[in-house]
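Data first, discussion second: the structure below is written as structure tokens.
The values are calculated or read from the model by the stated rules, or taken from the named source; none is laboratory data. The structure presented is a predicted model; accordingly, all values stated were derived computationally and were not measured. Glycine also receives a Cβ, built like all others from the backbone with ideal geometry; neighbour counts cover every protein chain displayed.
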Amino acid sequence: MRKASAQEVAQKIAQVMDNVRNLEKELARFKSKLAASRGDELADQAADVKGVKVLAAALDGADAKALRETLDKLKDRLRSAAIVLAAVEDGKVTLIAGVTADLTSKIKAGDLVNFVAQQVGGQGGGRPDMAQPGGSSPDKLPEALASVRGWVESRL
């Protein structure tokens, strides 16, 4: 077994840490690309409710940044829409809601996402066009997402 000096050990640790940081950045880029590609698929799943596109979906493996990026792309693509996206990681629910500017007088993103968050053990609020809370009951997420269409419809 070869003995290493403290300086050699420090250099090896620095190299490993650089590799970890690079891999984390690469993983974040991959998640963003994956979420963006899912955004196109999701747009096709949006329901038409009184002329407004309504979408509520879970994105497996997405982090908060990927959810935000996907939400922005969906708002651009769907034009007049109310959207709720969710992801589950480590037993926690991350939610994001977005409402296009033409609808914020009728539907506030903060109200919408708070409605969903309460069902998954959380609470939230936010701006009229975007809000991002969390929750602690991922098992309730499918039912909570399914309730979005009715909530939006009741406000239009």
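At-a-glance table
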| item | result |
| --- | --- |
| Matching strands (runs of 3 or more DSSP E) fully within the stretch 25-100 where at least 1 residues are of a type in the set (Asp, Glu), without any contact (Cβ under 8 Å) to a residue 24 or more places away in the chain and under 25 Å from Pro128 (Cβ atoms) | 47-49 |
| Candidate set: the stretch 12-38, residues that are modelled with pLDDT of 90 or more and of a type in the set (S, T, N, Q); chosen: the one nearest to the chain's Cα centre (by Cα) | Asn22 |
| Test result for Ser105, surrounded by fewer than 22 Cβ atoms within 10 Å (Cβ to Cβ), free of Cβ contacts under 8 Å to residues at least 24 places away in the same chain and among the polar types (S, T, N, Q) | yes |
| Candidates Ala47, Ala87, Ala57, filtered to the one that is more than 16 Å from the chain's Cα centre (by Cα), within 18 Å of Pro142 (Cβ to Cβ), surrounded by 11 or more Cβ atoms within 10 Å (Cβ to Cβ) and at pLDDT 90 or above | Ala47 |
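Every residue, every condition in (1) farther than 16 Å from Ala64 by Cα; (2) out of contact with any strand residue (DSSP E or B) (no Cβ under 8 Å at 6 or more places or on another chain), yes or no:
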position: Thr104; (1), (2): yes, yes
position: Gln118; (1), (2): yes, yes
position: Met130; (1), (2): no, no
position: Pro142; (1), (2): yes, no
position: Leu156; (1), (2): yes, no
